[in-house]
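Novice: Sending over a structure as structure tokens; questions will come in a sec.
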Amino acid sequence: MKSEHPFDILIPAPVSVVKQEGAVTLANLKTLHADPEFTGIAEEFVRLAAVFGIRLAVSPDPDADLVLRRNGTLETDEWSIRVEPSAILAESAGRTGMSYAFSAFAQMLFAAEIRGPASAVLPRGTVTDKPRFAWRGFMLDSARHFQTPATVKAVIRLMAHFRLNTFHWHLTDNQGWRIASDAVPPEANAATLTAGQYTKDELRGVAEFAARHGVRIVPEIDIPGHSRGLLKACPQYACDAAAPGGEFCLGNPETIPFLKKVFAELLDIFPDSPVIHMGGDEADTAHWEKCPRCLAAMKAAGCGTMRGLENRFMTEMTRFLIERGRTPMLWGTCSGQTYPPDTIIQSWLDIREPLRVAPNGNKVVYSVHNSLYFDYPENLSEPFETWMFELSEKGVYMTDPHIIWEEKVKDAIIGTEACLWTERVPEWRVMRKILPRLGAYAECAWSLPGKKLWHDFLRRKELLEAAGYYDFLLGNCRERGEE
Ligand SMILES: [Zn+2]
């Protein structure tokens, strides 16, 4: 029986595949050589091969059966795998590209081994690949429901297997403030913030884990709204300390110094995160409208409206990040506000938002909810809320950040991000909500539009499922999430 060609089952689909006559028998692979910067990922290749009974010995001899080689002529995210009778050669410019080569090699092995390890071969040929978008994100909400660091790492590992590179970590919201902070009085930390909270060491551990897997972290503290999780512990920063809502008081002169302390801590915990998310969405102006301090601040600033005062507040906070060499990111709004041009806008509600913000100089990440919110049910037997839409795997696959009327602003769209909000997603349902839609999403984020074909995607997914790849991912990601 003819097997599927292992180059033809990759998810996401690669840029270029060249096939040649001949093949390498996998059982004959004995040695692996890695250039020094790939030492860490070489261990991943060895462990992966061992799953199929292939015992690879790491060798100092570059003339090995499997070679991981640095090629400085490739772009940062580019990778290639060349299968020759003499050796299999994986190349990239750095560790990020090699981690993509690894994830593709894993899928190739599953496809090759589907007929049994004794006869498994990789046919000769070359796969060359690079992503369509630089920003291929996935957001996990750890505020509505808390997840252990092991589960968070498992999600990051799953992302890495599908060549996604940006983990947006929503750490605070009305339902919980998940960051241990020295800016918050210890008694407040202990009394109200510890029902699921990451220590600084745990946050750093997740960051280190993500970096090893070629994933960068965008941590988010959502202000000035969505903040009841903190304000119930520190009501002095709310408009009405007796009945704190979800919004920080914009007229309290202590609010901004306090938040700057909080963000300074976040920058210290995540020194390698170039982008920091400040939320900025869905603040309710009702408390501000009734607050004498906010009303006085609005008048003193000459803003005219509370949205104007909010805009001044957020602009000052984003400037705090810019001055420290980080790029601020905010959820898009429908209130017509503009932010400094060096702020990335995450467009989630209004598909026409890029048309509004791109001329201001803002870059945009496309996260439109009815295509990319993974909390929306894949089928209606799952729990859902009234604001949700059904979002099938096919629905995810249809999405494209360059919708037709955005042609003129498409250079502003730096990529895309799927989001898992967790109002109805306790920790045990997280992986179930992510798979299998993550593969469909990854293809939208990585592959060229001409490579996207739904029936072909289904064929590849069916084969990888039959080969046990998805079971491997779940088991592998759960077991290895702790590392
Ligand atoms: Zn106020």
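The values are calculated or read from the model by the stated rules, or taken from the named source; none is laboratory data. What you are looking at is a predicted structure, and each value in this text was computed from that prediction instead of being measured. Cβ coordinates were reconstructed from backbone atoms using ideal geometry, including for glycine residues, and neighbour counts include every protein chain displayed.
Novice: Restricting to segment 235-251, give me the number of residues that are farther than 28 Å from Gly325 by Cβ and in a loop (DSSP other than H, G, I, E, B). Steps first, answer last, please.
Specialist: Within segment 235-251, the first condition is being farther than 28 Å from Gly325 by Cβ, and the residues that meet it are 235-236, 238-247, 249, 251.
Those left that are additionally in a loop (DSSP other than H, G, I, E, B): 239-247, 249, 251.
Of the residues in that region, 11 qualify.
Novice: Just checking, how many residues over segment 284-333 are of a type in the set (Phe, Trp, Tyr) and closer than 19 Å to Val218 by Cα? Walk me through it before giving the result.
Specialist: Taking segment 284-333 as the starting set, the residues that turn out to be of a type in the set (Phe, Trp, Tyr) are 288, 313, 320, 331.
If we keep only those that are closer than 19 Å to Val218 by Cα as well, we get 320, 331.
Residues meeting the conditions: 2.
Residue-by-condition table, conditions (1) modelled with pLDDT under 95; (2) surrounded by 22 or more Cβ atoms within 10 Å (Cβ to Cβ); (3) under 27 Å from the mean Cα position of the chain (by Cα); (4) not basic (Lys, Arg):
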residue: Lys260; (1), (2), (3), (4): no, no, yes, no
residue: Ala296; (1), (2), (3), (4): no, no, no, yes
residue: Lys299; (1), (2), (3), (4): no, no, no, no
residue: Arg326; (1), (2), (3), (4): no, no, yes, no
residue: Thr338; (1), (2), (3), (4): yes, no, yes, yes
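Novice: If we only count strands (runs of 3 or more DSSP E) wholly inside segment 68-171, which ones have 3 or more residues that are at pLDDT below 95 and in the same structural domain as Phe45 (by TED's automatic domain parsing)? Can you show your working first?
Specialist: Values: elements: 79-83, 88-92, 121-129, 135-141, 166-170.
Passing ranges, in order: 121-129.
Novice: Taking Val396, is it at pLDDT 95 or above, part of a helix (DSSP H, G or I) and assigned by TED's automatic domain parsing to the domain that holds Pro274? It would help to see each step written out before you state the result.
Specialist: Values: at pLDDT 95 or above: yes; part of a helix (DSSP H, G or I): yes; assigned by TED's automatic domain parsing to the domain that holds Pro274: yes.
It is true that Val396 is at pLDDT 95 or above, part of a helix (DSSP H, G or I) and assigned by TED's automatic domain parsing to the domain that holds Pro274.
Novice: Looking only at segment 291-334, how many residues end up being part of a loop (DSSP other than H, G, I, E, B), away from the ligand (no atom under 16 Å from the Cβ) and not basic (Lys, Arg)? Lay out the reasoning, then the answer.
Specialist: Keep residues of segment 291-334 that are part of a loop (DSSP other than H, G, I, E, B), which gives 291, 302-305, 324-326, 332-334.
So of that shortlist, the ones also away from the ligand (no atom under 16 Å from the Cβ) come out as 302, 304, 324-326, 332-334.
Filter again for not basic (Lys, Arg), leaving 302, 304, 325, 332-334.
Summing the residues that are part of a loop (DSSP other than H, G, I, E, B), away from the ligand (no atom under 16 Å from the Cβ) and not basic (Lys, Arg) in segment 291-334 gives 6.
Novice: Within segment 1-39, can you find the residues that are surrounded by 13 or more Cβ atoms within 10 Å (Cβ to Cβ) and assigned to a helix (DSSP H, G or I)?
Specialist: Across segment 1-39, the qualifying residues are Pro6, Phe7, Asp8, Ile9, Leu26, Ala27, Glu37, Phe38.
Novice: Output the residue which, of all residues in segment 263-290 that are of a type in the set (Val, Ile, Thr), within 22 Å of the chain's Cα centre (by Cα) and not in a helix (DSSP H, G or I), is nearest to Pro235 (Cα to Cα).
Specialist: Within segment 263-290, the subset of a type in the set (Val, Ile, Thr) is 269, 275-276, 285.
Cutting the leftovers down to within 22 Å of the chain's Cα centre (by Cα) gives us 269, 275-276.
With not in a helix (DSSP H, G or I) added as a condition, the list becomes 275-276.
Values: Val275: 29, Ile276: 25 Å.
So the residue we want is Ile276.
Novice: Separate question: I need every pair where a residue in segment 214-239 that is under 13 Å from Glu282 (Cα atoms) has its Cβ under 7 Å from the Cβ of a residue that is within 16 Å of the ligand (Cβ to nearest atom) and in a strand (DSSP E or B), sequence separation at least 6 or different chains.
Specialist: Ile223/Phe248; Pro224/Phe248; Ser227/Phe248
Novice: Something else: Would you please list the contacts, defined by Cβ atoms under 7 Å and residues six or more apart or on different chains, that run from a residue in segment 421-442 that is farther than 19 Å from Gln107 by Cβ and in contact (Cβ under 8 Å) with a residue 60 or more places away in the chain to a residue that is hydrophobic (A, V, I, L, M, F, W, C) and in a helix (DSSP H, G or I)?
Specialist: Pairs found: Val430/Val155.
Novice: Are any residues in segment 256-280 within 16 Å of the ligand (Cβ to nearest atom) and free of Cβ contacts under 8 Å to residues at least 24 places away in the same chain, and if so, which ones?
Specialist: Taking segment 256-280 and keeping what is within 16 Å of the ligand (Cβ to nearest atom), we get 256-259.
Across segment 256-280, the qualifying residue is only Pro257.
Novice: Applying the selection to segment 75-94, what residues are closer than 20 Å to Arg212 by Cα and surrounded by fewer than 21 Cβ atoms within 10 Å (Cβ to Cβ)? Show your work before the answer.
Specialist: The initial filter retains those residues of segment 75-94 that are closer than 20 Å to Arg212 by Cα, namely 75-80, 90-94.
Glu75, Thr76, Ala93, Gly94 - these are the residues of segment 75-94 that are closer than 20 Å to Arg212 by Cα and surrounded by fewer than 21 Cβ atoms within 10 Å (Cβ to Cβ).
Novice: Let me spell it out: the conditions are (1) within 16 Å of the ligand (Cβ to nearest atom); (2) modelled with pLDDT of 95 or more; (3) not small (Gly, Ala, Ser), and Arg228 meets all of them except one. Which number is the exception?
Specialist: (2)
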